[in-house]
1. Need one number: nm distance between label points at residue B:326 and residue B:384, each 7 Å from Cα along Cα→Cβ, rounded to one decimal.
2. What is the log10 of I(q)/I(0) for region A:83-155, computed with the Debye formula using one identical point scatterer on each Cα and no solvent, at q = 0.19, 0.23 Å⁻¹?
3. For labels at residue B:456 and residue B:678 in the simple 7 Å Cα→Cβ model, what's the distance in nm?
4. How much space per residue, in cubic angstrom, does the convex hull of the C-alpha atoms of chain B take up?
5. Only bridges whose two residues both fall in region B:423-532 count here: according to DSSP, what percent of them are antiparallel, nearest 5?
6. Which FRET efficiency, nearest 0.05, do residue B:705 and residue B:148 yield, Cβ-Cβ r, R0 41 Å?
7. Please compute the volume of the convex hull spanned by the alpha-carbon atoms of region B:567-717 and report it per residue in Å³.
8. How high is the relative contact order of chain A, in percent, with contacts defined as C-alpha pairs under 8 Å that are six or more residues apart?
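Computed from the coordinates by the stated procedures, all read-outs in this text should not be read as laboratory data. Just so you know, these numbers come straight off a predicted model, no measurement behind them. Here the Cβ positions follow ideal geometry from the backbone for every residue, glycine too, while neighbour counts run over all protein chains shown.
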């Protein structure tokens, strides 16, 4: 048995410790917001937070994730109201939407560590996430907007 | 604008307004009839038609999206049209995807940028009809003239008295009213929703993981499958050994499977397991011996050499001709004769192909990211000898499509696997499968010949050599590719007297499929690059040169706008500006690209301006998003990736060798939309073709180097 | 309060670093041979070939982005060094690179310490001539404060350096074994740690 703590909830699962976290989250725990895009840590669609870091769950084995704190897109906020989620909605960022869980999970780490990122910071943080629809320009704008919202919120 | 309805009393059912009833409105194609008719009925009448609009007695409004949502916005724009004339708030409506049913919905194939342009007129009419019926029901109830009532926000309001009824309260009465023979549609200036940049209704569920894509759909008892297919695109299996695969924990079954790729077959060995991971592990443990007999072991270099030989020696099949370009070219002094090459490309949607199938004795049910549910229904019905109405095709959200998910191989394979397995199964393609198995956008080569005299074009002659998608599906090999002129602006024909297009078909064993903007994606590069070369030969500004030949008002206004937004007229010489204008699916897009040389010596794309004239439109923000995305996709195809073949094998595998543009690679794109109410054109694809020729033109302007072969490495320019 | 915390954290880190240096300094026992500039330089040229191979140089780039592949192209995701050498924000090395190599061609290689040298001690190999690299390696200000003994230990025993000889599926190895490499490092230093002439290539 391997114990995974996902979005604050404990799951005891019977799985090969070599199984990538992605497939345990999707096929065993049943949270399908985290996506399979490449299986080789190339595209970022499977990004989740492992102890706060934006790991690629398609190459992260269960043995590494066991007993650690995992957050998926479903746990980014309670009501779809993380500043990034709000900005994503306001700016109509997603097109097909498939990569956006990963984009948001990556952006959330950026924003936590750098509340006011420059375009260069966004390039540095977000180039590991591919969007085939080409929403990059809007992702960039939405991160800036979320940063502004976050700072505005902090003032209140 | 008055619109007339085709209503047959015969097909309009006066169903009783029972409690809990719902008013449904849609269209119906009577047997043996050519024209579809409007139909309205209560939900329990059993009358089967495309209920585009359903209003329940509790006021809940459900609208149907008959097309696939693959990012292009049909989930938003179809309801946005309906809600406008129906007078309901977008926040109060629910959207459901239609199942595949061409009898009800007409064509559902989400391709050719056709969702809006193919259905907006009838959707407007349908919605206005529903509104009028609800108004009449309210007026009858209040015993007041209908003219004193109006609809707003899902209510009918009696203007003089302020009395108000919710649509839900009117459903029972409205369902007994004969739809009006004529309805009045709003003028563009009266729109409250259409032409407004409203937020997409599918965004919230795409930011918290709720949206269900094909890969996310789950059925009780469903197993997962991964297929090892012959790496040569149409090869077969000699033998396989499943011993090791069956020992992988979770693996349930291993067997041989065959799917149709157009009219040929492809063999594979499928591993079925209780998780995706187990299926993939089992697949890795397989030992398969392939049989490649009879397969043409193609190489990329040979393909393009063959193209070039054909273009130089073969006049091809005529596609379009006016005047005598050959005679003029033969005598001309000032002329050019060049060849352009464009690569094979994979669609590489972010959601790899996948499909759930459940084959049962009396029905087949399918769920998946499907661009053409109606085609899938017909195809599966044919191949498995199941009546069409027993083939239920459910669309999920699509994690991108770009043409690939309109192909029928993956759905056929999934049903075949489910049949053999005897239960529901989800077949998941890996990224490698998705990249390596095709079908691809065909790589096409072009020859452009043109003559200039006194600064004017006297002759233009284009030939294309490459594969024709249509040839996969049957006859027509004696006719030129119907898409030979795709991308080329039609107004040119009015002013360029001597012009010809020909197609030199090049038959190959590689399956091809539409790829965003189809042949315009490659034609546009050749034809518009050539126009830029002709402008240089004539010694004229590229936009002024086009202005002379694109004399229609819409083109002139588009060019004005392009100049205005980009500062074209005030640019300095050789500052790195380039331009192209293409037409695709009834929409014209002009783009201006600006490049510069960075201190590190590399060329950088500073900015892209795009001006789109798509006529009547629904949501300007979705249009802008589509053009922004089209530019990124075009950038990848022009400068970053290509599919190549070596000895019949695809050389690329995954995003490490079929690279994608990333955040740090993309230039800012500024999109402008022309305002007019001409017939709606497409939106999802037309932004793609002009980018590559505008980019290479900008590079020519900056460096003097004309690029005629895609892709090229921007870092090496 | 926050300032105090930061300062005490810094002290802890600095303390940790100096402690570890001290601990290493105790075992100071590399062989010393008669000075031999020719032999020393010859040994270094072998060392140089290893250090400039893709397996070593890719994580000692001239810029702030690591390199990838036998052709040493810039890392596909444009990841950056970051202050600690382990990446930035959502692009930390360990987000993809595990404690061990992930099996399969083109899959992320791994090591528990996977990363570049830190921002304040870049230890660039890419583009360095043999002479430049030799002088840089010997200079504690540029080599992470290492004594010659520590330099030998790093080359001979460090686990991350050792990854170069176990790089995972499909990656070429440095031009000699690790043992041979370590022997050449020892020889270089034992014979006087001479730097090649400016002309050496």
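1. Inter-label distance under the simple model: 5.3 nm.
2. One equal scatterer on each Cα of region A:83-155 leads to -0.67, -0.99.
3. It works out to 2.5 nm between the two label points.
4. Output value, Cα hull per residue: 177 Å³.
5. If I count the DSSP bridges inside region B:423-532, around 55 percent turn out antiparallel.
6. About 0.05, to the nearest 0.05.
7. Dividing the Cα hull volume of region B:567-717 by its residue count gives 134 Å³.
8. Once divided by the residue count of chain A, the mean separation gives 23 percent.
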